[in-house]
Each structure stands twice: as structure tokens, then as C-alpha cells.
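Undergrad: One structure coming up, written as C-alpha cells, with questions to follow.
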Protein chains: 2
Amino acid sequence: MTDMTILILGGGGFIGRKVAQSLAARATLRGQPITRLVLADLAEPAPLDAPFAVETRACDITDRAAVDALIGPEVTVIFHFAAIVSSHAEAEFETGMAVNLHGTLNVLERARLLGTCPVVVFTSSLAVFGGEVPDPITDHTIPNPQTSYGMQKAVGELLLNDYSRKGYVDGRGFRLPTISVRPGKPNRAASSFMSSIIREPLNGQEAVCPVDETQEHFYLSPRKCVENLIKGAELEAAALGMQRCMTMPGQRLSIRQMIDALTAVAGPEPARLIRWEDQPDVAAIVRGWRYDYRFDKALALGLDADASFEENVRAYLEDDLPKA
Amino acid sequence: MTDMTILILGGGGFIGRKVAQSLAARATLRGQPITRLVLADLAEPAPLDAPFAVETRACDITDRAAVDALIGPEVTVIFHFAAIVSSHAEAEFETGMAVNLHGTLNVLERARLLGTCPVVVFTSSLAVFGGEVPDPITDHTIPNPQTSYGMQKAVGELLLNDYSRKGYVDGRGFRLPTISVRPGKPNRAASSFMSSIIREPLNGQEAVCPVDETQEHFYLSPRKCVENLIKGAELEAAALGMQRCMTMPGQRLSIRQMIDALTAVAGPEPARLIRWEDQPDVAAIVRGWRYDYRFDKALALGLDADASFEENVRAYLEDDLPKA
């Protein structure tokens, strides 16, 4: 029996936390009992109850020495979710480069020099796509990002592929759809309303929808996202072929379809809490986003999307609704 | 009238030298008389006669301070050709990363901090393509490189695009076809015979063809390559749109078509100097290369390929045949 030490970079974030909880519930990964889980983030993550040892660490991945100290030869699987978000990377170019590009390089270089070829599960983003490419956007479409965040994630994909080809890591990268229903509070991201128009009404609060109900987008529930990331960690290297990065499955939905699902699951009351308020600046940003994606490679590897948005609504109620 | 200082990184290399000679013959670029040309390479390039000031400099682009000293605010146009080649980058991973990735970052970062938004003409490579993508390979096909060199060039494309989008540089990148007829001596590259089977016979020497005459590949003459790079430098930023990098036009040809062109231009004698010798190792590498490329964006911008391989043969005779 092999020692199974798992490291989650970005372990204090929303997806990192949910993956950690899922690992605690499973207690195994890749057919091995989990021996130890290390949760690392810029600020030390909160502790976690689990049937194995859990350590929490503060680590700035822009600091190569800190990364070297964090990742030892005992680390078998690294979930690399650490990043600054799109709007932050766009406003602070140097910070985005330091965290999203050089931080990823620090992790991969540490693994290369260790020579232990850990599994690395990397979260990329559909923000790698855009620009001049035609729809639909497939796994064979060139990343032509129109944000620095998207560029940095696309560079991460190329690095992950080449470090895997060379045998330095066993990488697998997934471009995440927009996560809905995301728990927590609204934030300043233009996509914030794509969760809040469902979440706030389920919490008994009013929410604003700044776009037309025909607006389409590409979604996945947090529950399915975590399931796919765990499946991604468990894939055999040979199954991944010559391209280690792919679009994670999701659903293309209009706002109207999402609200109909809300009503189907929770009755007519929540939807009445949605206030329609045209916000031309938000609407213009969202209209610039692409939503026609294909994800054949991930489907062939056994990853999947929610069967309908009703599943996303139910997952929120079961997993994330604040306790009264 | 604006000062026009041009810098060629890789100015001692074969393409850098030919671009410098072309600039010396033109004496203008982007509608401006050239004031000064700086040729930089790891070893100081040879001097060049020109109707403007020419300086030669030794510069290691992996040394950020050396790059900062080389690139001042007076530099209007940078031709960035500096790189180590595919086989070198594959054998020495760290050297490839240092030169091809961090070297390019050093150049772009210097330009960003100067705030002068120089035009940057970057040579990428068809080595960015490969892996799982279907033929034909278009400007919308994802780079899925199967060499570290290809990965580093693909990262360079992403950086060039984003630094351009942010207004830090005015970049344009071109994936070069295999250059034939390349002047000089055979080298250890698997593609070396793709020039030497034409060049050596024209020089009155025997050459070995290690593959079958039906083997296809994608070619461009050095003359057309240099013309395209100069055109690339002269394009208006607005014409480039949201994707600054593209495949340079070329011709898909079989070895038989190349030899027929040799004979059409130079008579039947040279082709008799080709010795056919199966080299299964070389043939296997070459069979793994892709040759079905589309280059619609470059064509639309006015770049072009040689009209036939007879042009490539004639260009060699006129430009590069060693003086008796």
C-alpha cells in the first residue's frame, strides 16, 4: 500500500474546500486510502474534519522557496486551484503574471526537480477562449484569450501538457464552466448574478437580473464540478493521450431555463424575488462571452454535466443552503 | 519625421541576417527612413553595410539586465527571432525554457516597462501544432505541441497577444514553414535533407534523400519568408484584429515535386546527384510531422507563398549559391 499525500493549492477557496470535503467523505483516491491532506492557500485555510491527517498551511505560490518547502517527495497528488480571478488579473497585470503564470511554473518546476511525477489536477478556464474563433468552441479550438487571466490559464495548459509529456508531472487540466449555483455572497464579477438570481431567492432574499431572459451561458453545479475534478484525478495517464487539457462538461442554458428550473424545484415563490433591471454595462460584458462549447474528450473519459438545471438547484438546497 | 531604430534579436542567425540585408536594401520601414539598425545575438553578429547606422551587439536574452541595456526607448521595431532550436530545447529542457520562454518574457517585460509600445515581429513555428488535432490545421486550431520548443513558441504567441491587447507592444507573430532552400551546410536537424537534396546538387555535390519521394511537407523559400516578415512588420495594428499570431503561407509539396522543380530550373544533371538511402529513423520522425496547413489570415493580410517550388530553386541560385 502506497502512502497517499494530497495537496490542495487554493485549499481555502470555494472549490478547494469542496474537494477537501469530498476527499474526507471518500477517504480514498486512485484506489489508495488517503494518508494525509495538506490544504494550502495565501491565508491559512480553516481546519477540516477527516478520517486522515489534515494540515493547513499559508503559502504564497509566487515564492519559489515557499513552494519548495510545501511540496515534498511524499506528495502524490496536487490539486492546483490557486489563482487570482479574472478582474483582479486584468486590473493588476503584474500580480496576475506572478500568481497565475509564475506561481504555476513554481509548482511544476518543484515537481520536475523532485523527480516524483505527482498527479497534478489543474483548473483552467473557458476564459482561454474568445477572440476570432468560430462557434462551436471544441477541444481542438485555439485559445485566443481576451483577458490576461485567460492568457495565463492558457499558458498553464501548455506547461502542464509539456511537463506531462516529459514525465515531470502526470497532469490533467479542466476548463471550468461558470459555476452555478455558487454558494455565498454576490461579488463584483460580471457573472455574479448567474448564481445570485437562484441563490438569493432560495434564501428568501431579492436578487437583481441585469440581462434579458434569453441570454445564454454555460453552467455546471459545484457538486458536479467537484465530482469531475476527483474523476479527473483518478484517470489513468494513458487514457489522456497527447492533450492533457479539456473543457469540463456543462449545460448551455438561457436565464429563462434556469428560472423555470428554480420554479420546478422550489415552487413559484422564489422567482417572484427576482427584480429585472437592465444594466447595459453588465449585459454588454456578458454578451461578449461565448457559450457554445463542445466537450467530447471529457465525456469520453467519463466526466459529465448536470442532467438538467433542476439538479443544480437541488444540489444547492442539499449542499449549500444556509442553516436557518 | 520619426526616428526609426530597428533591433533584430537573433541578428546573427540565418533569417536575422537576411532581414537585415533586406532592410539595408530598402532603407525604409513602415513609411519611415531607417535611422539605425542594431543586430544582437548571443555572439556579436558580423558587421553589415547599409545606408544607415548599424551596430552589432552580443546579448544573452536570458539575462534581464542585458535585455534592459539593449532595448531603449528609441527602439521602434523589434524583430524577435532569438531562440534555441527544437532538438536543443528537447535535449536541454532548462536551456529551452530560459531562452525561448523567459527570454521572450524578458523582451516583452522590458517593452512593457518602457511604455513605448514597439512593434514586435515574432517568429513562431508550426511545431506549436501536432498531437490530437485533426487535419487540416487552420489558424483556429489549438496548439498541442509535442516538443518543448513548440510549447515555448506557443507560450510566446499567447504572451505576444496579451501584451498587444494591453497596449504594451504592437505584436505580430508568424509560424514559419520549413525553409527550403536553406543556404549553408547540412545540420543534424531531421529536416536538413529538405534543403540539402536541392542545395548540394546545385552546388555540384552529392546529397542523400532518406525518405520516399511521396513524402509531403510544407515549405517556403528564405526570400519569401523575409518578404513576409517585412510585410508583417508593416501591417497596421488595426488590421490584425484579436489574434496577432498566424501561420505564414507556404506550399505543400512532395519530394518528387521538389525534384521536378529542380530539374525544370537547372536541367537533368543536379537530380542525378541525389542518392536515395532509406533512413528509417529520419523517415519515422518526418512521417510524424503535419503538412496540411491553412493560412487564410496571413493571405488576407497580403502575405504569400512562393508560386511554385521553381521559385524556391531560382531564389537559391540568385541569392545564395556560393560564388565559384
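The values are calculated or read from the model by the stated rules, or taken from the named source; none is laboratory data. On a predicted model such as this, the values are computed, not experimentally measured, just so you know. Ideal geometry is used to build each Cβ from the backbone, glycine not excepted, and the neighbour counts take in all protein chains shown. Heavy atoms of the whole protein, side chains included, go into the accessibility calculation; ligands, DNA and RNA do not. Shrake-Rupley method; radii C 1.70, N 1.55, O 1.52, S 1.80 Å.
Undergrad: Just add up the charged neighbours of B:Glu234: K/R +1, D/E -1, any other residue whose Cβ is under 14 Å from the Cβ of B:Glu234. Spell out each step's value before the answer.
TA: On the way: positive: B:Arg26, B:Arg30, B:Arg172, B:Lys231; negative: B:Asp170, B:Glu227, B:Glu236.
Net of charged neighbours comes to +1.
Undergrad: Now, a different point. List the relative contact order of the range B:1-151 as a percent without decimals, with contacts defined as Cα pairs under 8 Å and 6+ residues apart.
TA: Values: 266 pairs, mean separation 31.9, N = 151.
The normalised contact order for the range B:1-151 reaches 21 percent.
Undergrad: For the range B:37-193, compute Rg over Rh where Rg is the Cα radius of gyration and Rh is the Kirkwood radius from the inverse mean 1/r over Cα pairs. Let's see the in-between values first.
TA: Details: Rg = 16.3 Å, Rh = 16.7 Å.
Computed over Cα atoms, the ratio is 0.97.
Undergrad: Between the helical axis of A:309-319 and the dominant principal axis of chain A, each derived from Cα atoms, what acute angle in degrees is found, rounded to the nearest 10?
TA: That works out to roughly 60 degrees.
Undergrad: Which distances, in nm and shortest first, link the A:Pro73 label point to the same label point in every other copy, taking 7 Å along Cα→Cβ?
TA: 5.3
Undergrad: How would you classify the range A:156-296 from its alpha-carbon gyration tensor, with a ≥ b ≥ c the square roots of the eigenvalues: rounded for a/c under 1.5, else prolate if a/b is greater than b/c, otherwise oblate? Before the final figure, lay out the partial values.
TA: Numbers: a/c = 2.78, a/b = 2.14, b/c = 1.30.
Prolate is the answer for the range A:156-296, as a/c is 1.5 or above and a/b outweighs b/c.
Undergrad: In Å², and per residue, what accessible area does the range B:173-241 have when probed at 1.4 Å with the other protein chains present?
TA: It amounts to 36 Å² per residue over the range B:173-241.
Undergrad: How much FRET efficiency would the formula 1/(1 + (r/R0)^6) give for A:Arg30 and A:Trp276, where r is the Cβ-Cβ distance and R0 is 41 Å, rounded to 0.05?
TA: On the way: r = 47 Å, r/R0 = 1.16.
With R0 = 41 Å, the Cβ-Cβ based efficiency is 0.30.
Undergrad: Okay, next question. For A:Asp296 and A:Asp3 in one chain, what is 0.36 nm times their gap in residues minus the Cα-Cα distance, to one decimal in nm?
TA: Numbers: separation 293, 0.36 × 293 = 105.48 nm, distance 3.37 nm.
Additional length available on full extension: 102.1 nm.
Undergrad: Once you treat every alpha carbon in the range A:247-324 as an equal point and sum by Debye, what is log10 I(q)/I(0) at q = 0.22, 0.26 Å⁻¹?
TA: Values, matching the q order: -1.15, -1.20.
Undergrad: Another question, if that's okay. Once the label point is set 7 Å along the Cα-to-beta-carbon vector, what list of distances in nm do you get between A:Arg188 and its counterparts in the other copies?
TA: Spelled out, the distances from A:Arg188's label point are 5.4 nm.
Undergrad: Could you tally the net charge around B:Tyr291, taking each other residue with its Cβ under 11 Å from the Cβ of B:Tyr291, Lys/Arg +1 and Asp/Glu -1?
TA: Details: positive: B:Arg252, B:Arg287, B:Arg290; negative: B:Asp135, B:Glu216, B:Asp292.
Overall, the nearby charge balance is 0.
Undergrad: Next question, about the same structure. Please give the helix A:193-202 orientation as an angle from the longest Cα principal axis of chain A, in degrees from 0 to 90, rounded to the nearest 10.
TA: The two axes meet at around 70 degrees.
Undergrad: Can you list the residues of the range B:109-151 that have at least 40 square angstrom less accessible area with all protein chains present than in their chain by itself, probe 1.4 Å?
TA: Correct list: B:Arg112, B:Glu132, B:His140, B:Ile142, B:Asn144, B:Gln146, B:Met151.
Undergrad: Using helices alone, what [θ] at 222 nm do you get for chain B, with -39,500 (n - 2.57) per DSSP H run of 4 or more residues, divided over all residues and rounded to the nearest 500? Don't jump to the answer; show the numbers that get you there.
TA: Values: 13 runs with 123 residues, N = 324.
Computed mean residue ellipticity for chain B: -11000 deg cm²/dmol.
Undergrad: A further question follows. Over chain B, with a Gaussian network built from C-alpha contacts below 10 Å, which listed residue (B:Ser125, B:Ser195, B:Ser87) shows the highest mean-square fluctuation?
TA: Highest fluctuation among the options: B:Ser87.
Undergrad: What number, in nm² with one decimal, is the all-direction average of the projected area of the convex hull of the alpha-carbon atoms of chain A?
TA: Numbers: hull surface 63.8 nm².
The Cα convex hull of chain A, projected and averaged over all directions, gives 15.9 nm².
Undergrad: Moving on. Just to confirm a number: summing +1 for Lys and Arg and -1 for Asp and Glu over residues other than A:Ile34 whose beta-carbon lies under 13 angstrom from that of A:Ile34, what do you get?
TA: Result for the neighbourhood of A:Ile34: -1.
Undergrad: Given axes a ≥ b ≥ c from the Cα gyration tensor, I'd like to know whether the range B:115-174 is rounded (a/c under 1.5), prolate (a/b larger than b/c) or oblate. All intermediate terms of the calculation are to be shown ahead of the outcome.
TA: Details: a/c = 2.83, a/b = 2.24, b/c = 1.26.
Because a/c hits 1.5 or more and a/b exceeds b/c, the range B:115-174 counts as prolate.
Undergrad: Another question, then. Helix B:148-165 versus the longest principal axis of chain B: what angle, 0 to 90°, nearest 10, using Cα atoms?
TA: Between helix and principal axis, roughly 40 degrees.
Undergrad: Could you check which residue among A:Pro249, A:Pro51, A:Pro118 shows the biggest mean-square fluctuation in a GNM of chain A with a 10 Å Cα cutoff?
TA: Result: A:Pro51 has the largest fluctuation of those listed.
Undergrad: Related question: Using a label position 7 Å from Cα in the Cα→Cβ direction, what is the ascending list of nm distances from A:Arg287 to the same site in the other copies?
TA: 5.4
Undergrad: Expressed in nm², what is the orientationally averaged projection area of the convex hull enclosing the Cα positions of the range A:1-72? Walk me through the intermediate numbers first.
TA: Details: hull surface 18.7 nm².
Seen from a random direction, the Cα hull of the range A:1-72 projects 4.7 nm² on average.
Undergrad: A further question follows. Would you be so kind as to identify which of A:His102, A:Phe52, A:Val155 lies farthest towards the positive end of the dipole of chain A, taking Lys and Arg as +1 and Asp and Glu as -1 on Cβ and the Cα centre as origin?
TA: Result: A:Phe52.
Undergrad: Across 5 Å bins from the origin, how do the percents of Cα pairs in the range A:200-264 run, short distances first?
TA: Going out from 0 Å in 5 Å bins, the range A:200-264 shows 4, 12, 17, 19, 15, 11, 8, 8, 5, 1 percent.
Undergrad: Multiply the residue gap between A:Ala239 and A:Ser87 by 0.36 nm, knock off their C-alpha separation, and tell me the result in nm, one decimal place. Could the numbers behind the result be given before it?
TA: On the way: separation 152, 0.36 × 152 = 54.72 nm, distance 3.49 nm.
Here the segment from A:Ala239 to A:Ser87 would lengthen by 51.2 nm.
Undergrad: Whole-Å semi-axes of the protein assembly as shown's equivalent ellipsoid, largest first, each the root of 5 times a Cα gyration tensor eigenvalue?
TA: Gyration-tensor ellipsoid for the protein assembly as shown: 49, 27, 24 Å.
Undergrad: Then there's this: How many lysine pairs are close in chain B, with Cα atoms under 28 Å apart and the two 8 or more places apart or on different chains?
TA: Count of close lysine pairs: 18.
Undergrad: Cut-off 11 Å, label point 7 angstrom out along Cα-to-Cβ of B:Gln21: give me the residues of the range B:117-158 whose amide nitrogen falls inside.
TA: none
Undergrad: Tell me which trypsin sites (Lys or Arg not before Pro) from the range B:147-213 have a DSSP coil assignment and no more than 16 other beta carbons within 10 Å of their own.
TA: Details: sites: B:Lys153, B:Arg165, B:Lys166, B:Arg172, B:Arg175, B:Arg188, B:Arg199; in loops: B:Lys166, B:Arg188.
Here the sparse-neighbourhood loop sites are B:Lys166, B:Arg188.
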